[in-house]
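Enquirer: Following this message is one structure expressed as structure tokens.
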Amino acid sequence: MAPHPAIHAKPRLLRLLIAAVMALVLPLAVSGAAQANGSKPSRTWTVQVGSESEDQAIQGMAFLPEHIYINAGDKVAWKANSAEIHTVTFLAAGQSLDSTQPFNPTDPQEISKQGGNVYDGQTYFSSGVMSSVSNSGFKESGKYTLKFPATGEFMYYCLVHGMAMKGMVHVREAGTDYPYTQSQYDRHAKKQEKSILRDGHKSWDAARDQANNHTVIAGTDNGTSMVMRFVHQEIKIKVGESVTFFNSGMGAPHTVTFGKEPANIFAPIGDPGHFTGGDLSSGLMPPGAHFTVTFHSAGEFKYICALHDFMGMVGTVEVRE
């Protein structure tokens, strides 16, 4: 007698149900095993380079966040967030930052991108000049991305601001739980920006207290917040009198430049002891530097910081008989 078709219907149906369930469960099990084995998908993290007030008068010397924790295989994307120029620079093994040598805007190693897109932890890598504007005087980049394939603690610097502006990438084993989310980093960065802005206004107030018609504060900073202004911006003196320009900051260089901007902003030009107009420049003024000009002719003499004039760092000396 032929078997009744219903006898095998239930086993076939059961096998189909089991297969369907396994099709759903197996990928999840494999995925879970992969996660347990440390193969979480790689991520790209964002670090903000610099900060500024709306009028660009106050600039921040900070990577936000300063410390970022990632896993091997992840990427970090640094994004320019200020008109002030910065770099993201990883020094080569055994190389140290020379605080006695200022940033050199003519050196391709400092102003142009160096190295590839995958950081090897040993050689010199740099973003070149980064800025959020296009009129800084450099061929700047708005973004710089590196992949970190190996674990380690990797310090980096801004070559423009030296030891005053540094950051650290902490790279752990792939699959390690992240201590912070990108949203948490971003919220913390916003708080730091507000703090930098408050500090900048305090430094500006202190500069006003130091300044008078014979003393101009040629920019100031507290190691994090920079005031990119001459204080006082407009002064009046008499023929034969002198004005001393003082960079009272800790990290940012400036210049005092009358007349035509020189090709080499580092080199002093003219005789500041007997100025009657024309081209005169302090050259690069590192933090703590003074530059005294004696005016021997009446007139209105405009001057700039050759590094920061594009963000409003300009001034005028009116000399009367």
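Enquirer: State whether the residues of the stretch 153-167 include one that is open to solvent by less than 70 Å² (accessible area, probe 1.4 Å), assigned to a helix (DSSP H, G or I), at pLDDT 95 or above and farther than 30 Å from PHE275 by Cα.
Expert: no
Enquirer: For the stretch 189-296, which fully contained strands (runs of 3 or more DSSP E) count at least 2 residues that are β-branched (Val, Ile, Thr) and over 22 Å from ALA57 (Cβ atoms)?
Expert: Counting at least 2 such residues, we get 290-294.
Enquirer: Being open to solvent by 70 Å² or more (accessible area, probe 1.4 Å), closer than 23 Å to HIS161 by Cβ and over 24 Å from the mean Cα position of the chain (by Cα) narrows it down to one of HIS290, HIS274, so name that one.
Expert: Details: HIS274 fails: closer than 23 Å to HIS161 by Cβ.
Sole residue among the options that is open to solvent by 70 Å² or more (accessible area, probe 1.4 Å), closer than 23 Å to HIS161 by Cβ and over 24 Å from the mean Cα position of the chain (by Cα): HIS290.
Enquirer: Restricting attention to the stretch 212-231, report how many residues are touching a residue at least 60 places away in the same chain (Cβ under 8 Å), open to solvent by 40 Å² or more (accessible area, probe 1.4 Å) and more than 24 Å from the chain's Cα centre (by Cα).
Expert: Result for the stretch 212-231: 0.
Enquirer: I need the full set of residues from the stretch 42-51 which are open to solvent by less than 50 Å² (accessible area, probe 1.4 Å) and either at pLDDT below 95 or more than 15 Å from TYR144 (Cα to Cα) (or both), in order please. Reasoning before the result, please.
Expert: At the first step, the residues of the stretch 42-51 found to be open to solvent by less than 50 Å² (accessible area, probe 1.4 Å) are 45-51.
Scanning the stretch 42-51 gives a single hit, SER51.
Enquirer: If you take the residues in the stretch 297-313 that are outside any loop (DSSP other than H, G, I, E, B) and in contact with a Phe, Trp or Tyr (Cβ under 7 Å, 6 or more places away or on another chain), which one is least open to solvent (accessible area, probe 1.4 Å)?
Expert: Filtering the stretch 297-313 for residues that are outside any loop (DSSP other than H, G, I, E, B) and in contact with a Phe, Trp or Tyr (Cβ under 7 Å, 6 or more places away or on another chain), the one least open to solvent (accessible area, probe 1.4 Å) comes out as TYR303.
Enquirer: Please go through the stretch 123-146 and pick out each residue that is surrounded by fewer than 16 Cβ atoms within 10 Å (Cβ to Cβ) and in a strand (DSSP E or B).
Expert: LYS143, THR145
Enquirer: Within the bounds of the stretch 61-80, is there any residue that is in contact (Cβ under 8 Å) with a residue 60 or more places away in the chain, of a type in the set (D, E, K, R) and under 20 Å from LEU307 (Cβ atoms)?
Expert: No, every residue in the stretch 61-80 fails to be in contact (Cβ under 8 Å) with a residue 60 or more places away in the chain, of a type in the set (D, E, K, R) and under 20 Å from LEU307 (Cβ atoms).
Enquirer: Name the pairs whose Cβ atoms lie under 8 Å apart, with the first residue in the stretch 159-184 and over 21 Å from GLN59 (Cα atoms), the second at pLDDT below 95 and in a helix (DSSP H, G or I), and 6 or more positions between them or separate chains?
Expert: Filtered contacts from the stretch 159-184: GLY175/GLN35.
Enquirer: Looking at the stretch 97-120, which of the residues that are of a type in the set (A, V, I, L, M, F, W, C) and not in a loop (DSSP other than H, G, I, E, B) is nearest to ASP309 (Cα to Cα)?
Expert: ILE111
Enquirer: Considering (1) surrounded by 18 or more Cβ atoms within 10 Å (Cβ to Cβ); (2) within 27 Å of MET313 (Cα to Cα), say which one ASP107 fails and leave the rest.
Expert: Only one criterion is unmet by ASP107, namely (1).
The values are calculated or read from the model by the stated rules, or taken from the named source; none is laboratory data. None of these values were measured; they are calculated from a predicted model. As a convention, Cβ positions derive from the backbone with ideal geometry for all residues, glycine included, and neighbour counts pool all protein chains shown. These area figures cover heavy atoms from the full protein model, side chains too; ligands, DNA and RNA do not enter into them. Shrake-Rupley method; radii C 1.70, N 1.55, O 1.52, S 1.80 Å.
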